[in-house]
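Here's the structure, in structure tokens; my notes come after.
The values are calculated or read from the model by the stated rules, or taken from the named source; none is laboratory data. What you see is a predicted model, and the numbers here were worked out from it, not measured in a lab. In this analysis, Cβ positions are derived from the backbone assuming ideal geometry, glycine residues included, and neighbour counts consider all displayed protein chains. For the accessible areas, the whole protein counts, side chains as well, though only heavy atoms, and no ligand, DNA or RNA atoms are used. Shrake-Rupley method; radii C 1.70, N 1.55, O 1.52, S 1.80 Å.
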Amino acid sequence: MLDFSPFLDLPLIWGGIIAFAIFLYVVLDGFDLGIGILFPFAPSENCRQKMMNSIAPFWDGNETWLVLGGGGLFAAFPLAYAILLPAFYIPLTLMLLGLIFRGVAFEFRFRTNPEKRLFWDYAFHFGSLIATFCQGTILGSYVEGITVSGRSFAGHPFAWLSSFSLMTGVALIFGYALLGATWTLMKTEGKTQDWARKVAYYALTYVGFFMGLVSLWVPFINDDIFQRWFSLPNLIYLSPIPLLTLGLGMSLIISLVKKKETAPFFLSISLFSLGYAGLAISLWPWIVPYQISLRTAAADPKSLSLMLIGVSIFLPVVLGYTFYSYYVFRGRSSHQELY
Amino acid sequence: MEFDPVFLSRIQFAFTISFHIIFPSLTIGLASWLAVVEGLWLKTGNNTYKEIYKLWVKIFAVTFGMGVVSGVVMSYQFGTNWSAFSDRTGNVLGPLLAFEVLTAFFLEASFLGIMIFGWDRVTRGMHFVSTLIVAAGTVVSAFWILSASSWMHTPAGYEILDGNIFHPTDWLDIIFNPSFPYRLFHMITAAYLTTAFFVGGIAGWYFLKKQHLPHARIMLSMAMLMAVFVAPLQIYLGDLHGLNTLKYQPAKVSAIEGIWETEKGASLILFGWPDTLNEVTDYALKIPKLASVLLTHSMDGEVKGLKAWPKDERPPVLPVFFSFRVMVGIGLLMVLTGLMAIILYFRKGLFTQKWFHYWCLAMTPAGFIAILAGWFVTEIGRQPYIVYGIMRTAEARSPVLGETVFLSLMAFITVYTFIFGAGIYYIVQLIRKGPPSKEGASYGSHDLKAPPL
């Protein structure tokens, strides 16, 4: 039976694939969740319409990456899936309920008279807000570590709740708001665009603050993480990451000042990717932090091999037509009724 | 009150998946039907087809949206509520679900955008291709998820290592496990029939209201074609599936039949009340020998009774027994509808007989009820196992508190009831509004006043 394990490091490759899927999810659903977060603050109904229209063709494709992240984790690291999901039972359930409200709001909002839209506007906003907060909280609590006994989660149902995880929950709200604002900046013009630029400044300020806070806090959560970043020679090898982050933050500010339209969005994505890389470096080689490594949790090499073939064929295809769909709906968003 | 996490998790899974399956059932059927309608429009140039497409693609979009959000929930529940199951079966079932996401979900999600919003942005041909791709995506998705579900009923191609972890030994045996082909064809056909009766019911309603008659004629004709040809086929596929179940899960069949004693020349119980306590089926209305004839294709064939299994190996009899009768009853009503349609067609009364339009309207939800009943039969009938014969449902649970599951279940019920209510409300509104009255009054498929580019 098909097995690539003699010549490929399958757990490592799969760790990379899952990390890539989750990253794409964070960036793609990040900007449309960000739109939801900013939604009620938009200056007019017209702006809201434009913002909604700019993401309506994409949101379920974006959310599919969340299914790939979850499904992929189940398939590639079943042990990690079996430990992590019960550990995050409450925030995951709240996140899913939030995603339900915001997902159906797309369809339902368009079908409601403008006077009665308020309900779905808020369903969209609070759904996005709760989903984002829960994702941030899950991330924070993940970084703090999970209590494991044998092959299962052994902590308290509220073990995910801590000052650190609450902070990361709030931080992610500003992170997604930045992505949403820079997306709006790119996809609209006039009043909406001016407003989005202003919002991007504010969001960026908070993102900078929280990135700094997280960077200072995480090394003190776990001694290994401290050693990884602050011992020599790692300090030198890893120094490009904080330096690049600073540089990117600066260029993002400059691009906003210079009223660039597309650069801020892509610079925000780069900022996210560096933060993500920083986390990955901190957490290596754990998939259930400080308890279970990628290798221990990996599925049978035969399963990983089969799926690797699937991914090699289909992931480029998926990326291809995802790109095609963004290409078809390129250009500025209209405020007219899409449906 | 005792909060049993296993029982509550079962209820939660049953509730969320029952809610979910309603939407794919309709989207599988609607996507294929819309492809046919758009194809007919391109071929004949008859704008009535285009207007039908425009009405139904909106209903499709609402349905698809609800299917997506309720589907995301499913992909996480294996882990949140059934983590021991996920840990043990991940090697085998994980790849099937991963292939579903890779080969179907992304395909559907990306091209759905073009199907709904892209009318003015791509050529007619490309739009048609997008519809075809979405239709194919729904079927491919059904392929993988039914393969995974079937494997849990008839596990094959695996070995158990490291104590209790399932490992794959043959992927083709896993994917094409013994009950999979039956389950797949039975479900796809069910989705097509459900859609046909849904569309036919709406057509009946338009006839009764004397509105949108050109559209209603096409909708009713196409729906009745399905009833005439596909409903009998479904009965045949169901029979094959039943025989396959008899081979691999005989206890389920005994529960379906409500038969307690093993006997030769067993009678078929049409109706009755299975009494689990005393192990008899009361008030049974029987047809002699028929159970043996149906199940063994011989007058004196032996049919096993439930008593052949110890009590802790038997599925709950009552829900299986009744759900089966609901499913088969609706199936027979569908065949009957097809027969009525043939007679009315030759008497030229298909579009004029009011009583038939009322009948079609009454049958609008029939498919959904039959699909739910069918899944109740197969899933409850599989108990007490989650992987049939190997892993019990009680062993599959997550280390979560019953109280937590109770709260999440209440939250799901509240939210889903509300969302479902809103969804039905909007779908009824769309149907009430009907197809766009005149081509040209609005641009494209979504009432855009002008092309956005």
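In the set (1) facing another protein chain (nearest Cβ under 7 Å); (2) farther than 27 Å from A:Arg151 by Cα, B:Val57 fails one condition alone, (1).
Only a single item in (1) of a type in the set (A, V, I, L, M, F, W, C); (2) buried (at least 24 other Cβ atoms within 10 Å of the Cβ); (3) more than 13 Å from the chain's Cα centre (by Cα) is not met by A:Met1, and it is number (2).
Residue count for the stretch A:124-155 under the criterion of being at pLDDT 90 or above and of a type in the set (Gly, Ala, Ser): the result is 6.
Of all residues in the stretch A:252-310, those satisfying the criterion of being open to solvent by less than 20 Å² (accessible area, probe 1.4 Å), under 30 Å from A:Arg332 (Cβ atoms) and of a type outside the set (A, V, I, L, M) are A:Ser255, A:Pro264, A:Phe265, A:Ser268. Would you check if B:Gly349 is within 30 Å of B:Leu277 (Cβ to Cβ), without any contact (Cβ under 8 Å) to a residue 24 or more places away in the chain, surrounded by fewer than 18 Cβ atoms within 10 Å (Cβ to Cβ) and not aromatic (Phe, Trp, Tyr)? Criteria not met by B:Gly349.
Would you check if there is a residue in the stretch B:380-394 being assigned to a helix (DSSP H, G or I), of a type in the set (A, V, I, L, M) and open to solvent by less than 20 Å² (accessible area, probe 1.4 Å)?
Checked the stretch B:380-394: no residue is assigned to a helix (DSSP H, G or I), of a type in the set (A, V, I, L, M) and open to solvent by less than 20 Å² (accessible area, probe 1.4 Å).
In the stretch B:184-193, is there at least one residue being more than 30 Å from B:Phe356 (Cα to Cα) and β-branched (Val, Ile, Thr)? Scanning the stretch B:184-193 turns up no residue that is more than 30 Å from B:Phe356 (Cα to Cα) and β-branched (Val, Ile, Thr).
What is the residue count in the stretch A:81-124 for residues that are outside any helix (DSSP H, G or I) and either at the interface with another protein chain (Cβ under 7 Å from one of its Cβ atoms) or of a type outside the set (Lys, Arg) (or both)?
4
Report whether or not B:Pro310 is free of Cβ contacts under 8 Å to residues at least 60 places away in the same chain and farther than 20 Å from B:Met222 by Cβ. For B:Pro310, the condition - free of Cβ contacts under 8 Å to residues at least 60 places away in the same chain and farther than 20 Å from B:Met222 by Cβ - is met. Here the helices (runs of 4 or more DSSP H) wholly within the stretch B:93-201 that include at least 2 residues being open to solvent by 20 Å² or more (accessible area, probe 1.4 Å) and more than 9 Å from chain A (Cβ to nearest Cβ) are B:124-153, B:171-175. Please determine, by comparing only the residues of the stretch B:298-331 that are open to solvent by 60 Å² or more (accessible area, probe 1.4 Å) and touching a Pro at 6+ places or on another chain (Cβ under 8 Å), which one is nearest to B:Val280 (Cα to Cα). Filtering first and then ranking leaves B:Lys304.
Are any of the residues in the stretch B:297-312 of a type in the set (Ser, Thr, Tyr), at pLDDT 80 or above and closer than 19 Å to B:Tyr248 by Cβ? Please lay out each step first, then the result.
Applying the first criterion (of a type in the set (Ser, Thr, Tyr)) to the stretch B:297-312 yields B:298.
Of the ones still in play, those that are also at pLDDT 80 or above are B:298.
Of the ones still in play, those that are also closer than 19 Å to B:Tyr248 by Cβ are none.
No, the stretch B:297-312 contains no residue that is of a type in the set (Ser, Thr, Tyr), at pLDDT 80 or above and closer than 19 Å to B:Tyr248 by Cβ.
Which members of the stretch B:70-79 meet the condition of being open to solvent by 10 Å² or more (accessible area, probe 1.4 Å) and either facing chain A (nearest Cβ under 7 Å) or over 22 Å from the mean Cα position of the chain (by Cα) (or both)? Walk me through how you get there before you give the answer.
Going through the stretch B:70-79, the residues open to solvent by 10 Å² or more (accessible area, probe 1.4 Å) turn out to be B:71, B:74-76, B:78.
Scanning the stretch B:70-79 gives B:Ser75, B:Tyr76, B:Phe78.
State whether the residues of the stretch B:283-291 include one that is open to solvent by less than 20 Å² (accessible area, probe 1.4 Å), within 24 Å of B:Arg183 (Cβ to Cβ) and in contact (Cβ under 8 Å) with a residue 24 or more places away in the chain. Spell out how you get there, then give the answer.
Taking the stretch B:283-291 as the starting set, the residues that turn out to be open to solvent by less than 20 Å² (accessible area, probe 1.4 Å) are B:291.
Filter once more, so that each one left must be within 24 Å of B:Arg183 (Cβ to Cβ): B:291.
When the remaining residues are screened for being in contact (Cβ under 8 Å) with a residue 24 or more places away in the chain, the result is B:291.
Checked against the condition, which is being open to solvent by less than 20 Å² (accessible area, probe 1.4 Å), within 24 Å of B:Arg183 (Cβ to Cβ) and in contact (Cβ under 8 Å) with a residue 24 or more places away in the chain, the stretch B:283-291 yields at least one hit.
Criterion first (within 7 Å of another protein chain (Cβ to nearest Cβ) and aliphatic (A, V, I, L, M)) does A:Leu73 satisfy it? No, not satisfied. For the stretch A:208-260, taking the residues that are among the aliphatic types (A, V, I, L, M) and not in a helix (DSSP H, G or I), the one that is farthest from A:Lys191 (Cα to Cα) is identified as A:Leu232.
For the stretch A:60-70, a tally of residues being more than 8 Å from every other protein chain (Cβ to nearest Cβ) and either free of Cβ contacts under 8 Å to residues at least 24 places away in the same chain or surrounded by 24 or more Cβ atoms within 10 Å (Cβ to Cβ) (or both) returns 1. With respect to A:Thr132, is the statement that it is part of a helix (DSSP H, G or I) and open to solvent by less than 70 Å² (accessible area, probe 1.4 Å) true? When the stated conditions are applied, A:Thr132 passes them. In the stretch B:168-183, the residues that are at pLDDT below 95 reach residues that are open to solvent by less than 60 Å² (accessible area, probe 1.4 Å) and of a type in the set (Asp, Glu) with C-beta atoms within less than 7 angstrom, at least six apart or across chains, in these pairs: B:Pro168/A:Asp300.
Being crowded, with 20+ Cβ neighbours inside 10 Å, assigned to a helix (DSSP H, G or I) and out of contact with any Cys (no Cβ under 9 Å at 6 or more places or on another chain): is that true of B:Ala227 here? Against the criterion (crowded, with 20+ Cβ neighbours inside 10 Å, assigned to a helix (DSSP H, G or I) and out of contact with any Cys (no Cβ under 9 Å at 6 or more places or on another chain)), B:Ala227 qualifies. In this structure, B:Glu2 does not qualify as crowded, with 22+ Cβ neighbours inside 10 Å, more than 14 Å from every other protein chain (Cβ to nearest Cβ) and either over 24 Å from B:Phe420 (Cα atoms) or aromatic (Phe, Trp, Tyr) (or both). Answer yes or no: is there a residue in the stretch A:139-151 that is outside any loop (DSSP other than H, G, I, E, B), within 20 Å of the chain's Cα centre (by Cα) and farther than 30 Å from B:Ile165 by Cα. Yes; the residues of the stretch A:139-151 include at least one that is outside any loop (DSSP other than H, G, I, E, B), within 20 Å of the chain's Cα centre (by Cα) and farther than 30 Å from B:Ile165 by Cα. Taking the criterion of being touching a Phe, Trp or Tyr at 6+ places or on another chain (Cβ under 7 Å), in a strand (DSSP E or B) and open to solvent by less than 60 Å² (accessible area, probe 1.4 Å), the residues of the stretch B:253-282 that qualify are B:Gly272, B:Pro274, B:Thr281, B:Asp282.
Only one entry in A:Pro114, A:Pro43 is open to solvent by 10 Å² or more (accessible area, probe 1.4 Å) and touching a Lys or Arg at 6+ places or on another chain (Cβ under 7 Å), namely A:Pro43.
Could you tell me whether any residue of the stretch A:1-10 is within 11 Å of another protein chain (Cβ to nearest Cβ), more than 14 Å from A:Phe106 (Cβ to Cβ) and in contact with a strand residue (DSSP E or B) (Cβ under 8 Å, 6 or more places away or on another chain)?
So the first thing to find is which residues in the stretch A:1-10 are within 11 Å of another protein chain (Cβ to nearest Cβ), and the list is A:1-3.
Then keep just the ones that are more than 14 Å from A:Phe106 (Cβ to Cβ); that gives A:1-3.
So of that shortlist, the ones also in contact with a strand residue (DSSP E or B) (Cβ under 8 Å, 6 or more places away or on another chain) come out as A:1.
Yes, that holds for at least one residue.
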